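Visitor: Below you'll find the structure I mean.
The values are calculated or read from the model by the stated rules, or taken from the named source; none is laboratory data. What you see is a predicted model; the values in this text were computed from it and never measured. Cβ coordinates were reconstructed from backbone atoms using ideal geometry, including for glycine residues, and neighbour counts include every protein chain displayed.
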Amino acid sequence: MTIQGSRRSASLIRRAAVIGSGVMGAGIAAHLANAGMRVLLLDVVPQALTAEEEKQGLTLADARVRNRLAAAAVGRMGKAQPAQLYDPAWTARIMPGNLADHAAELGEADWIVEAVVERLDVKREVFAAVDAHRRPDTIVTTNTSGLSAASMAEGRSESFRRHFAVTHFFNPPRYMKLVEIVPTADTAPEVVSLLREACEKRLGKGVVIAKDTPNFIANRIGTFGMLVTLEDTLGYGLTVEEADALTGPAMGRPKTATFRMLDLVGLDTLLHVVDNVRERSENPGERAVFARPAVLERLVAGGRTGEKAGAGFYRKIKGKNGSEI
Ligand code: NAI
């Protein structure tokens, strides 16, 4: 079934695949499962097994996926990360696995969402594999925070390019209302309509159609504000709690306004987002604001990438939160 000539409805999206099972991939998979879809959740990077996992005979990638998925589903990723499934029993709708072993099953998916690390080279590699295995009518979207959609689709088949767009979910995907949809010049209008319908009617989101500019709309503005707050916080000698209190409830915004939000997003991901605007913006003033903050580089180099690592601006030790900068 091709997009052209047949008006598909979003209700026909029954099977989805999410590639990348980190903070966003696990959350998106959970929310697609909330909408009744069966979801194949695939990961790409095997990492070291724990001794316990070795004893259980798990493969590297399967262990990684299961751990992250379970943590996301039951809300164990930290206080700031609420459970993302409406019903924990719905983990049964999500099948985790390693991309290398399950690539052929991508052909069963009506919608494939890519949510791997924010690097163009890595995403392009994933899309080459997806292009080889998808059905001709499978819709493919990326959750990129703001990399060039056109560059991601470059070199892919015509069918892929017609069915490809950005669906930028916000963190956590179950709770955040906005999805930015970013088509490329090649995306079929029917695909944009279908994605809008799926996001609005099935996932309960509000949709903004954005242009393919660095970091689209929300991240371009939001990250600018984050960086200015970070600079001012350090400049005025405020603690992270003081900055969160001042930029949060005192201004009618949530407690997660600045530093808690950065920990939730992931400081490594923020560095990628910052680099993307600095390297692609034509505005010298903007390029200056999007310089890499030294404190972020220091924390990331020390492994403190935020909630997902158990420590970022806030350190979480045995469930108790204390802060450091
Ligand atoms: P994460 O760091 O939690 O997970 C990254 C995923 O990429 C993992 O599945 C990991 O196994 C995989 N990965 C890492 N290095 C790889 C490599 N060299 N090759 C292949 N796979 C690799 O990241 P997160 O936060 O889930 O971000 C995923 C995407 O979503 C990124 O494009 C990010 O910009 C975007 N995003 C992130 C948001 C956030 O608040 N964290 C919000 C909206 C979009």
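Residue-by-condition table, conditions (1) at pLDDT below 90; (2) among the small types (Gly, Ala, Ser); (3) over 22 Å from TYR175 (Cα atoms):
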position: THR59; (1), (2), (3): yes, no, yes
position: ASP87; (1), (2), (3): yes, no, no
position: ASP101; (1), (2), (3): yes, no, yes
position: ALA104; (1), (2), (3): no, yes, yes
position: VAL116; (1), (2), (3): no, no, no
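Visitor: Of all residues in segment 289-313, how many are part of a helix (DSSP H, G or I) and either under 11 Å from LEU267 (Cα atoms) or not assigned by TED's automatic domain parsing to the domain that holds GLU279 (or both)?
Guide: In the first step, residues of segment 289-313 are kept if they are part of a helix (DSSP H, G or I); the result is 289, 294-301, 307-309.
Keeping just the survivors that are either under 11 Å from LEU267 (Cα atoms) or not assigned by TED's automatic domain parsing to the domain that holds GLU279 (or both) gives 295-301, 307-309.
Total satisfying the criteria: 10.
Visitor: Filter segment 204-236 for residues that are within 15 Å of THR247 (Cα to Cα) and among the small types (Gly, Ala, Ser); which is surrounded by the fewest Cβ atoms within 10 Å (Cβ to Cβ)?
Guide: In the first step, residues of segment 204-236 are kept if they are within 15 Å of THR247 (Cα to Cα); the result is 222-234, 236.
Now narrow it down to the ones that are among the small types (Gly, Ala, Ser): 222, 225.
Details: GLY222: 15, GLY225: 13.
In this case the residue turns out to be GLY225.
Visitor: Considering every residue within segment 164-181, establish whether at least one is more than 16 Å from the ligand (Cβ to nearest atom) and either modelled with pLDDT of 95 or more or not in a loop (DSSP other than H, G, I, E, B) (or both). If you could, list the steps in order and put the result at the bottom.
Guide: So the first thing to find is which residues in segment 164-181 are more than 16 Å from the ligand (Cβ to nearest atom), and the list is none.
Checked segment 164-181: no residue is more than 16 Å from the ligand (Cβ to nearest atom) and either modelled with pLDDT of 95 or more or not in a loop (DSSP other than H, G, I, E, B) (or both).
Visitor: Of all residues in segment 233-262, which are closer than 20 Å to ALA294 by Cα, free of Cβ contacts under 8 Å to residues at least 12 places away in the same chain and assigned to a loop (DSSP other than H, G, I, E, B)?
Guide: Those that are closer than 20 Å to ALA294 by Cα, free of Cβ contacts under 8 Å to residues at least 12 places away in the same chain and assigned to a loop (DSSP other than H, G, I, E, B): GLY237, LEU238.
Visitor: Being more than 14 Å from the chain's Cα centre (by Cα), surrounded by 22 or more Cβ atoms within 10 Å (Cβ to Cβ) and within 27 Å of THR223 (Cα to Cα) is the filter here, so list the residues in segment 158-198 that pass it.
Guide: Correct list: PHE164, ALA165, VAL182, LEU195.
Visitor: Turning to a different aspect of this structure: Which numbered condition in (1) buried (at least 22 other Cβ atoms within 10 Å of the Cβ); (2) modelled with pLDDT of 90 or more is the only one that LYS201 fails?
Guide: Looking at each condition in turn, LYS201 falls short on (1).
Visitor: If you don't mind, there's one more thing I want to ask. For the condition of a type in the set (S, T, N, Q), within 9 Å of the ligand (Cβ to nearest atom) and assigned by TED's automatic domain parsing to the domain that holds ALA83, what is the one hit in THR184, THR144, THR138? Write out each step before concluding.
Guide: Values: THR184 fails: within 9 Å of the ligand (Cβ to nearest atom); THR138 fails: within 9 Å of the ligand (Cβ to nearest atom).
Result: THR144 is the single residue among THR184, THR144, THR138 that is of a type in the set (S, T, N, Q), within 9 Å of the ligand (Cβ to nearest atom) and assigned by TED's automatic domain parsing to the domain that holds ALA83.
Visitor: Just to be sure I understand, how many residues within segment 146-157 are surrounded by fewer than 24 Cβ atoms within 10 Å (Cβ to Cβ) and in a loop (DSSP other than H, G, I, E, B)? Write out each step before concluding.
Guide: Pass one, segment 146-157, residues surrounded by fewer than 24 Cβ atoms within 10 Å (Cβ to Cβ): 147-148, 150-152, 154-157.
Still in the list and also in a loop (DSSP other than H, G, I, E, B): 147-148, 154-157.
Residues in segment 146-157 being surrounded by fewer than 24 Cβ atoms within 10 Å (Cβ to Cβ) and in a loop (DSSP other than H, G, I, E, B): 6 in total.
Visitor: Restricting attention to segment 258-273, does a residue exist that is hydroxyl-bearing (Ser, Thr, Tyr) and within 16 Å of the ligand (Cβ to nearest atom)? Spell out how you get there, then give the answer.
Guide: Pass one, segment 258-273, residues hydroxyl-bearing (Ser, Thr, Tyr): 258, 269.
Filter again for within 16 Å of the ligand (Cβ to nearest atom), leaving 258, 269.
Yes: one or more hits.
Visitor: Something else about it: Residue under question is THR144, and the condition is that it be closer than 17 Å to ARG124 by Cα, touching a Cys at 6+ places or on another chain (Cβ under 8 Å) and among the polar types (S, T, N, Q); does it hold?
Guide: Numbers: closer than 17 Å to ARG124 by Cα: yes; touching a Cys at 6+ places or on another chain (Cβ under 8 Å): no; among the polar types (S, T, N, Q): yes.
No.
Visitor: With respect to ASP137, is the statement that it is under 18 Å from LEU40 (Cα atoms) and part of a loop (DSSP other than H, G, I, E, B) true? Quick ask: steps written out before the conclusion?
Guide: Working: under 18 Å from LEU40 (Cα atoms): yes; part of a loop (DSSP other than H, G, I, E, B): yes.
So ASP137 fits the description; yes.
Visitor: A further question follows. Being buried (at least 19 other Cβ atoms within 10 Å of the Cβ) and either away from the ligand (no atom under 11 Å from the Cβ) or outside the structural domain of HIS102 (by TED's automatic domain parsing) (or both) is the filter; apply it to segment 114-130 and report the residue that is nearest to LEU40 (Cα to Cα).
Guide: At the first step, the residues of segment 114-130 found to be buried (at least 19 other Cβ atoms within 10 Å of the Cβ) are 114-116, 118, 123, 126-127, 130.
From what is left, the residues that are either away from the ligand (no atom under 11 Å from the Cβ) or outside the structural domain of HIS102 (by TED's automatic domain parsing) (or both) are 127, 130.
On the way: PHE127: 16, VAL130: 13 Å.
Filtering first and then ranking leaves VAL130.
Visitor: When you scan segment 212-232, do you find a residue that is in contact with a Ser or Thr (Cβ under 9 Å, 6 or more places away or on another chain), assigned to a helix (DSSP H, G or I) and more than 21 Å from ASN171 (Cβ to Cβ), even just one?
Guide: No, because not a single residue in segment 212-232 is in contact with a Ser or Thr (Cβ under 9 Å, 6 or more places away or on another chain), assigned to a helix (DSSP H, G or I) and more than 21 Å from ASN171 (Cβ to Cβ).
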